[in-house]
Amino acid sequence: VIAGADTFSCDGAPVQVSVMAMHVSGVYWETRGNGIFDDRTSLNPVYTPGSADLSAGGVWLVVKGFGSATCMGTLDTDSLYVEIKPLPTAIISGVDTICRGEQAQFTLQLTGTAPWTVVVSNGLNSWTFNNIQTAVYQAAVSPMVTTSYFITSVQDAFCNGTQMQGLATVYVNPN
């Protein structure tokens, strides 16, 4: 048997794993943690990490291949690692005053693993900031009128976040 590649789970979400099994009559999955499989005898089961897996930051899963009725012993084993990735978070902040036509900046503070993609909105329009490589990022905007911005989504290299907070406001003085 050959277990699939090491993989990850976003904040403990269920993850599908796989095994390639040749010359065996069946497989059986085991966990070195306390999560559960939807079907321990499947070639492609879904594993839901348990509390111990979350605390440890990951879990080893072992798959065993069994012989035919005449040779019921374990023929082969392999394992894979499921890393538990935390969900990214984002905070937007900043207050700036500019004249119409000038550029203002606000700050994005990010957690997770680079690169990030952050979508910011003013309630009418959205702007996407892609391939952010630093956990503190200065974004530039040029509003024509006083505008407040908030985050509508954050994604890091692995997961989509659900924790977005803050507000950035740019006050625009007429020319």
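The values are calculated or read from the model by the stated rules, or taken from the named source; none is laboratory data. Small disclaimer: the values here were computed from a predicted structure and weren't measured. All Cβ positions, even for glycine, are placed from backbone atoms using ideal geometry, and neighbour counts span all protein chains on display. Areas reflect the complete protein model, heavy atoms only, side chains present, ligands, DNA and RNA absent. Shrake-Rupley method; radii C 1.70, N 1.55, O 1.52, S 1.80 Å.
Of all the residues that make up the range 29-54, how many are exposed (fewer than 15 other Cβ atoms within 10 Å of the Cβ), more than 21 Å from the chain's Cα centre (by Cα) and among the hydroxyl-bearing types (Ser, Thr, Tyr)?
1
Could you tell me which of the residues THR97, THR107 is on the phi < 0 side of the Ramachandran plot, out of contact with any Pro (no Cβ under 7 Å at 6 or more places or on another chain), part of a strand (DSSP E or B) and loosely packed, with under 14 Cβ neighbours inside 10 Å?
Exactly one residue qualifies, and that residue is THR97.
Scan ASN131, ASN122 and give me the residue that is at positive phi, modelled with pLDDT of 95 or more and not aliphatic (A, V, I, L, M).
Unique residue meeting the criteria: ASN131.
Let me spell it out: the conditions are (1) in contact with a Phe, Trp or Tyr (Cβ under 7 Å, 6 or more places away or on another chain); (2) assigned to a strand (DSSP E or B), and GLU30 meets all of them except one. Which number is the exception?
GLU30 satisfies all of (1) in contact with a Phe, Trp or Tyr (Cβ under 7 Å, 6 or more places away or on another chain); (2) assigned to a strand (DSSP E or B) except (1).
Within the range 9-28, track down each residue that is touching a residue at least 40 places away in the same chain (Cβ under 8 Å), under 21 Å from the mean Cα position of the chain (by Cα) and under 15 Å from LEU80 (Cα atoms).
Answer for the range 9-28, where residues must be touching a residue at least 40 places away in the same chain (Cβ under 8 Å), under 21 Å from the mean Cα position of the chain (by Cα) and under 15 Å from LEU80 (Cα atoms): SER9, VAL15, VAL17.
Residue by residue through the range 1-12, note down the ones that are crowded, with 18+ Cβ neighbours inside 10 Å and either touching a helix residue (DSSP H, G or I) at 6+ places or on another chain (Cβ under 7 Å) or assigned to a loop (DSSP other than H, G, I, E, B) (or both).
VAL1, GLY12
Based on what the data block shows, is LYS85 modelled with pLDDT under 95, touching a strand residue (DSSP E or B) at 6+ places or on another chain (Cβ under 7 Å) and basic (Lys, Arg)?
no
Any residue at all in the range 13-23 that's at pLDDT 95 or above, open to solvent by 30 Å² or more (accessible area, probe 1.4 Å) and of a type outside the set (S, T, N, Q)?
So far as the range 13-23 goes, yes, one or more of its residues are at pLDDT 95 or above, open to solvent by 30 Å² or more (accessible area, probe 1.4 Å) and of a type outside the set (S, T, N, Q).
If GLY73 meets every condition in (1) open to solvent by less than 70 Å² (accessible area, probe 1.4 Å); (2) in contact with a strand residue (DSSP E or B) (Cβ under 7 Å, 6 or more places away or on another chain); (3) without any contact (Cβ under 8 Å) to a residue 60 or more places away in the chain apart from one, which number is that one?
(2)
Could you count how many residues in the range 85-137 are under 16 Å from ASN160 (Cα atoms) and of a type in the set (Lys, Arg)?
1
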